Amino acid sequence: MASVSYCLNPKCPNPSDPANAGKSTCIHCGSELLLQGRYRLVAPLGGGGFGRTFEVDDNGARKVLKVLLKEHPKAVELFKQEADVLVRLRHPGIPKVDRDGYFTFSPAHSTESFHCLVMEKIAGANLQDWLKHRGRPITQEQAVNWLKQLSEILDQVHRLNYFHRDIKPHNIMCKPNGQLVLIDFGTAREVSATYFAKVGQGANVTGIVSPGYTPPEQTNGKAVPQSDFFALGRTFVYLLTGKPPTAFPENPRTGKLMWRKGAPQVSDAVANVIDYLMAPFPGNRPQSPQVVLQCLEEINLDDAETELPTQLPTTGQTKIRGNSGASGIKQTSINRVKPLNSGLKKPVKEPLEWKNKLLAGAAVLLLGIGGSQIYGSLRYGVFPANPVWLLSSLPSSQFLTRSLDNVGGVNAIALSPNGQTLISASFGTIRIWNPRTGRLVRTLNQVHSQKSVRTLAVSPDNSVLASGGDDNNVILWDLKTGKRMLTIPGHRGRVNSITFSSDGQTLVSGSDDKTVRLWNRRTGRRLLTLTGHTGSVNAIALSRDGQTLASGSDDKTVRLWNLNTGEVRRIITGHGGGVNAVAFSPNGQLVASASSDNTIRLSNVQDGKRTRTFKGHSSWVRTLAFSPDSRTLVSGGGDIIVWDLKTGKERSSLSGHSQFVSSVAVSRDSKTLVSGSPDRTIKIWRMP
């Protein structure tokens, strides 16, 4: 029997037509039905806002496809972030996403491109629906079991320096076997020294608020990893009482939630742990998931009486045994040991003791991480929960010479060939900097129809800036005056990459419309259109002699083109994910390609054979740059890695951005490295 095939094209006149079963293209609109050659849509599951979800068949296995239907910049950023996080996380309590699970889809005869993410299908219901169906609160034993499960999941997340930021019953699934799964990682945040410094200096970050579950510091735009514990505690208030946390008052003096009377089946020992999680001040909460697990291990459920059996057969009255836990603990300071250890076999180390030891160590770290980090720690009572990670990131600071902050989410950067000008691209804005002083020279506002600017290039004579963006246009600017010189309505999809020829007379652009186009720089006349890619063209590069063009695409290939004839010289395959960046070595003999499969491949330009694969990134590799002295290759993804081209080994890893690195550039003298990120910073490094 042929498989059901639902058409993903939102404009298809009959997407659910049974006649599409087993076919490769839709009989109504001509769009692909077998996505990426493997995923066949079975039926829609739901939708709302900017996206929809579908059940898909992957060679017999049922999975879930999330589709982003609108190109809203923030929605795209969060969607890609969720894909990036889930690819890195491997735990039975986290939906599994394959390395090639993220891709883009373009309907037939359309310039639109939709972002897609295929993930494991979780059988079961979210805890909000599950509890409504159950009709009564959970038992204390089940609460302890589930709290252990979720703490182990968070341990995995926090160890990779992420925190979730939106834990609540609706975002936790329960499988039929009782395994909990934490979902919706679109709001997850990567932790770094830069992030903590930003919070410590009073800067707000993107706010995620779920009433009743979001802690006060996150509501104020200053979320920290311990914010997850507050939301976790509030989730168990709901599970143990059957009521949302907003149904209970807060103590006006301490800020504590007065919920215990709503859960008479809960002992003080268990309730104390939940109150510990929900401490109003983040420094008074557990500082790591391991601390939560330690608290739970010390609870003896045989002594701490649990849920009361339902009803007595003769009277129908509830039988109460042991301590009902009806009254809250009279605790106003975390220094009070007894409440936290009530019902425990042995004392648990107090957060203040842990914090004091860490702050003592911070005196030693002061020279390495700077006053802003300490200020943030003292102001918010929070210090990174993983000191080992913090120490491992310290070597990066010796190479950091300058950080430009609050510069907008950076999509691309470019250095002028003479090294005197740095340009950054953000949403609707281009900024021009003096890289030596860090001074902002000029801001170009409301560019590219106030949409995201995706790519930048500077002409070899340092006079012209080219930009491409989500408005499908290429724009040329006078770099000295900032005035617009020429607008080229170049593509039918957003422009992802542009570059100048070595003589500066030709401009090349690559687009979501799957084409590469060549333009006369002075007139804007189209010279040539290169077709053949079956996915968005994400990256292009020209060899120094101007004879060969490389293009990288979501179709997982790199194409090498002869620019004299417009013909394909060779197609390089081997990546397991889309190609995000390409670059030629200075001598033109090698082409490097970076991919969503977390690897970088070096291939010989003459025969296309792979000469080396670099594996070191734990997430997508998004940007590449060779140093002009041919000694190093720089790659950016979750962090920056500097590779020694002679040995093929990692020379140094630079951490500091709080989100992925979107763009890197190396100065002509190979001594300076510049990086940009959506975290709203540009960092200037001394080359390791």
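The values are calculated or read from the model by the stated rules, or taken from the named source; none is laboratory data. Quick caveat, the model's predicted, so the values are computed rather than measured. Reconstructed Cβ throughout: ideal geometry from the backbone, glycine too, with neighbour counts over all protein chains shown. Just the protein is used for accessible areas: all its heavy atoms, side chains included, with ligands, DNA and RNA removed. Shrake-Rupley method; radii C 1.70, N 1.55, O 1.52, S 1.80 Å.
Loop-resident trypsin sites (Lys or Arg not before Pro) (DSSP state other than H, G, I, E or B) in the stretch 54-83 with no more than 15 further Cβ atoms inside 10 Å of their Cβ: K70. Taking a straight line from the alpha carbon of K480, these aspartates and glutamates sit under 17 Å away, with near neighbours fewer than eight places off in the same chain left out: D461. What the phi angles of the stretch 226-237 give under the Karplus curve with 6.51, -1.76 and 1.60, with θ = phi - 60°, is a coupling list of 5, 5, 4, 5, 4, 5, 5, x, 5, 4, 6, 4 Hz, glycine and proline written as x.
Backbone amide hydrogens, once placed in the peptide plane, bring K256 within less than 5 Å of N251, excluding anything fewer than 5 places away on its chain.
A simple spin-label model places the labels of S502 and T443 3.9 nm from each other, with each point 7 Å out along Cα-to-Cβ.
For S652, the residues whose amide H sits under 5 Å from its own are V642, ignoring neighbours fewer than 5 places away on the same chain, with H placed 1.01 Å from N. Across the stretch 245-258, computed HN-Hα scalar couplings (Karplus, 6.51 cos²θ - 1.76 cosθ + 1.60, θ = phi - 60°) run x, 5, 7, 10, x, 10, 4, x, 8, 9, x, 6, 7, 9 Hz from first to last residue, x flagging Gly and Pro.
Kindly sort S31, S463 by accessible area of their heavy atoms, largest first, with the probe set to 1.4 Å.
In descending accessible area the options line up as S463, S31.
With the simple spin-label model, which puts each label point 7 Å out from Cα in the Cβ direction, the K261 to W130 separation comes to 3.0 nm.
Under the rule a/c < 1.5 gives rounded, and otherwise a/b versus b/c splits prolate from oblate, where does the stretch 71-194 land using the Cα gyration tensor? Prolate, because a/c is 1.5 or more and a/b exceeds b/c. For the stretch 565-613, the solvent-accessible area with a 1.4 angstrom probe is 42 square angstrom per residue.
For a modelled paramagnetic label at K175, 7 Å from Cα along Cα-to-Cβ, the residues of the stretch 81-111 in reach, with backbone nitrogen under 19 Å, are 86-99. Measuring only protein heavy atoms, the 1.4 Å probe finds R622 accessible over about 40 Å².
With θ taken as phi - 60° and the Karplus curve 6.51 cos²θ - 1.76 cosθ + 1.60 applied, the whole-hertz 3J(HN,Hα) list for the stretch 606-616 is 5, 10, x, 6, 6, 9, 6, 10, 9, 10, x Hz, x standing for glycine and proline. Each label point was placed 7 Å from the Cα along the Cα-to-Cβ direction; for R544 and R526 their separation is 3.3 nm. Annotation: amide H of S663 within the under-5 Å range of G676, sequence separation 5 or more or interchain, hydrogens built in the peptide plane.
Farthest toward the positive end of the dipole of the stretch 427-488, out of Q446, N473, N434, is the Cα of N434, where the dipole comes from beta carbon charges about the Cα centre.
For the stretch 494-553, applying the loop criterion from DSSP together with a ceiling of 15 other beta carbons within 10 Å to the trypsin sites (Lys or Arg not before Pro) yields R522, R525, R544.
Note on the stretch 7-102: the C-alpha convex hull projects to 6.8 nm² when averaged across all orientations.
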